[in-house]
Amino acid sequence: MFDLVADGLWTTARPQRFWGLESGTRMNVVRLRDGGLFVHCPVSLDRDTRAAIDALGDVRVVVSSSLYHHLYAGEWMRAYPGALFCACPGLERKRKDLAWNHVLGDEPHPLWAADLDQVFFSARFEKEVVFFHRESRTLICADALLNLSKHSSPITRAAAWLMGNTAPGKGWLEYFAVGGWSSRGRRLARRQVERMLAWDIDRVLLAHGGLVDRDGWRALRDAYAWL
């Protein structure tokens, strides 16, 4: 159900369609120093998923870190009413029907500040908050490094080829998402990416596509070298 990535860090991949295209999605779980769980980009909470997550520990935080990773947040709110539910900036307005406790920004909340750093990647049109798990040197993101070129679906691979998505974060979609035609957008994105590149990144957990098992810093740098 959950794959162990590093000590105190797990991931699970699920099927997911976006605009009719099978892109897959991924949820990541961090065990915080106090033993509680930090859940990143929640997936559907079926019986098996709930049993697996409860076996790992107490759900303390659930984070919808992108404007597009909110579909199952309500299920988690009903199941874990005592947890802190955090929204990417703008998502609290998009999903007013959900009872968010906290809106994310550039600074980590005290609940996870000892374990995770973060950057609000606001230069992207869909916006997201990107995290860095210091102990395992893992970048945890949702859409900032799309990687569909080796997806199992031939239709998805064809779409990736049309987008120029030949490696994590590559392609014209990223240029559009950052507003690459705007010098202001590029400057803002460059500052935010430079903050991420200050992290000692080894691997990358991303929502859509194959993971980056090593040289994650290089993958991030190469993806946004055009900035």
Residue identified as in contact (Cβ under 8 Å) with a residue 60 or more places away in the chain, in contact with a Lys or Arg (Cβ under 6 Å, 6 or more places away or on another chain) and closer than 25 Å to VAL204 by Cβ among GLY8, GLY24: GLY8
Listing of helices (runs of 4 or more DSSP H) fully contained in region 13-125 that carry 1 or more residues being under 30 Å from GLY185 (Cβ atoms) and not β-branched (Val, Ile, Thr): 73-79, 91-94
Any hit, region 97-112, residues being at pLDDT below 95 and either surrounded by 18 or more Cβ atoms within 10 Å (Cβ to Cβ) or within 12 Å of the chain's Cα centre (by Cα) (or both): no
Criterion: surrounded by 15 or more Cβ atoms within 10 Å (Cβ to Cβ) and at positive phi - qualifying residue of ARG50, ARG60, ARG137: ARG137
Subset of region 13-32 that is touching an Asp or Glu at 6+ places or on another chain (Cβ under 8 Å) and modelled with pLDDT of 95 or more - its residue that is nearest to GLY210 (Cα to Cα): VAL30
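The values are calculated or read from the model by the stated rules, or taken from the named source; none is laboratory data. None of the values given here were measured: they were computed from a predicted structure. Cβ sites come from the backbone with ideal geometry, for glycine too, and all protein chains shown count toward neighbours.
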